[in-house]
1. Heavy-atom accessible area of Asp87 with all protein chains present, probe 1.4 Å, nearest 10 Å²?
2. About its Cα centre, how strong a charge dipole does the range 77-153 have in debye, to the nearest 20, once Lys and Arg get +1 and Asp and Glu get -1 at the Cβ?
3. Using a Gaussian network model of the chain whose springs link C-alpha atoms within less than 10 Å, name the residue from Ala190, Ala182, Ala86 with the highest mean-square fluctuation.
4. For the range 114-237, what is the accessible area per residue in Å², given a 1.4 Å probe and the full set of protein chains?
5. Placing +1 at every Lys and Arg Cβ and -1 at every Asp and Glu Cβ, with all other atoms neutral, what dipole size does the range 107-237 have around its Cα centre, in debye to the nearest 20?
6. Express in whole angstrom the spacing between the alpha-carbon centres of the range 172-215 and the range 141-170.
7. Please list, in order along the range 17-32, the HN-Hα scalar couplings obtained from phi with the Karplus expression 6.51 cos²θ - 1.76 cosθ + 1.60 (θ = phi - 60°), rounded to whole Hz, x for Gly and Pro.
8. Which of these, Leu203, Leu25, Leu192, has the largest mean-square fluctuation under a Gaussian network model of the chain (Cα springs below 10 Å)?
Amino acid sequence: MSSTLPLYLQIQQHLLEKIQNGEWLPQHKIPPEEQLARDFGVSRMTANKAIHDLVQQGYLIRQAGVGTFVTDHKAESSLVEVHNIADEIRSRGHEHDCVVVVAEARNADDEISMRLGVRLGTPIFHTLILHRENGIPIQLEDRYVNPRHVPHYLTTDFHQHTPNEVLVSACPITDIEHVVEAILAESAIATLLDITTQDPCLLLIRRTWSGDQLISYARLTHPGDRYKLRSSLRTAG
């Protein structure tokens, strides 16, 4: 191997290419450490490190006595909490960046006035931001904010601070409402997400309150093959 990358990273790169190009689908059993060590001319310890790191990153899962398998590796968010998407991405060891498509002040139309709890024609803030994980679009955030509670919202550099960070800093979130739908994206949304209009999407509709004040209404659209939503509930006893 002539690459200047460390040997274990070369093995990782080889495995990731097969996963990301679809050659190895979820539940595919990867070659054992012994075979990878022979194929790449490295020690078994080096092959083990390559696999271990991909397990930690969520691409692979080990099953004792059976082998190591490709996971259904998708970005994931909680349905019962509100997290900063940039932090979620970085927690997976990946890089977050965004494209600010729209950042504007406008007047609330019928739908937004109802969703945001303001009078028709009330000035509100609107942002449309595409979030990417390692350069791949995973969420289109279409958000409306009541300026009364976050007057500095549009002065934010959204490449440095996500809307979530701005809102939580200004108005600690006390209540959330989530509605999830399976949809096909409209043409403009599909183009931004780099998918076709026939690809399924997950739409998460979110409203957030601080105390009795309705702060924000957002439509978060995710490509269905790149994202999943999770919910957990602990009961007594």
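1. 90 Å²
2. Working: 8 positive and 12 negative charges, 50 e Å.
Roughly 240 debye, rounded to the nearest 20.
3. Ala182
4. On the way: 6490 Å² over 124 residues.
With all protein chains present, the range 114-237 gives 52 Å² per residue.
5. In total the dipole reaches around 360 debye.
6. Value for the Cα centre distance between the two parts: 16 Å.
7. Per residue, the Karplus-derived 3J(HN,Hα) values read 4, 5, 6, 6, 8, x, 5, 10, 8, x, 6, 5, 8, 7, x, x Hz.
8. Leu25
The values are calculated or read from the model by the stated rules, or taken from the named source; none is laboratory data. Given the structure is predicted, the values throughout are model-derived calculations rather than measurements. We place every Cβ from the backbone using ideal geometry, glycine too, and count neighbours over all the protein chains shown. These area figures cover heavy atoms from the full protein model, side chains too; ligands, DNA and RNA do not enter into them. Shrake-Rupley method; radii C 1.70, N 1.55, O 1.52, S 1.80 Å.
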